[in-house]
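Peer 1: Before anything else, here's the structure in question.
The values are calculated or read from the model by the stated rules, or taken from the named source; none is laboratory data. These figures come from a predicted structure and were not determined experimentally. Heads up, the Cβs are rebuilt from the backbone with ideal geometry, glycines too, and the neighbour counts pull from every protein chain shown.
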Amino acid sequence: ECIFIDTENSLDYTRLHVIAVALSKHLERISKMPHKLKPSERAGLSEDELVEKCKRVQMRKIAAAKALTADAILDKIHVYKVDDYAEMVAVLKSLDRFIASSKPNTKLIVIDSIAMPVRQAAAIGIGKSGAPESTNKLVAELGKLVQGLCRTKAGNGVAVVTTNHIGIATKVPTAGLG
């Protein structure tokens, strides 16, 4: 399962569907390749047993690949549309409960873009409390939330990926170039 937090309304469902179709076809194609056993899997087996074991593994791979249709892949992607800084903070704070209660098989969290809510809040001079705050404070608060998310999720086998379009090399937010 994957959770995608879209802050820029840039997630293109048509493109995502094309990717899911291509992935499904690719998995089906590679599932038909002959299975090779590792040396540890071969130990103590006769030639006939090796052939039979390879066939069983191959059949499981083919069945698993056929079950991963484009729709099945897309059903495992859960999207949050976040419109502002306050919503981003609320989503990040609620993710642990959501994953634990509803999506325990989550293995990937994507935040695209972590910078958009900060840029938006800085443009109007408002932080999560509604009071004027500096951009650096907003970035620091969001950074702490994401770091906490990364720490708790990394220990549970969940990858967290963020995209960023700003950098704070000076006192003024600039384009993130890397």
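Peer 1: Among the residues of region 63-75, is any assigned to a loop (DSSP other than H, G, I, E, B), surrounded by fewer than 16 Cβ atoms within 10 Å (Cβ to Cβ) and touching a Cys at 6+ places or on another chain (Cβ under 8 Å)?
Peer 2: No, region 63-75 contains no residue that is assigned to a loop (DSSP other than H, G, I, E, B), surrounded by fewer than 16 Cβ atoms within 10 Å (Cβ to Cβ) and touching a Cys at 6+ places or on another chain (Cβ under 8 Å).
Peer 1: Looking at region 11-30, is at least one residue surrounded by 11 or more Cβ atoms within 10 Å (Cβ to Cβ), closer than 14 Å to Asp112 by Cα and not acidic (Asp, Glu)?
Peer 2: Yes, region 11-30 contains at least one residue that is surrounded by 11 or more Cβ atoms within 10 Å (Cβ to Cβ), closer than 14 Å to Asp112 by Cα and not acidic (Asp, Glu).
Peer 1: Mind listing just one residue for me: the one in region 45-62 that is charged (D, E, K, R) and surrounded by 13 or more Cβ atoms within 10 Å (Cβ to Cβ) and, of those, nearest to Thr106 (Cα to Cα)?
Peer 2: From region 45-62, those charged (D, E, K, R) are 47-49, 52-53, 55-56, 60-61; that's our starting set.
Going one step further and asking which of them are surrounded by 13 or more Cβ atoms within 10 Å (Cβ to Cβ), we end up with 53, 61.
Working: Lys53: 31, Lys61: 22 Å.
Looking at residues that are charged (D, E, K, R) and surrounded by 13 or more Cβ atoms within 10 Å (Cβ to Cβ), I get Lys61.
Peer 1: Something else: Which members of region 117-150 meet the condition of being closer than 14 Å to Thr7 by Cβ and at pLDDT 80 or above?
Peer 2: Result: no residue meets the conditions.
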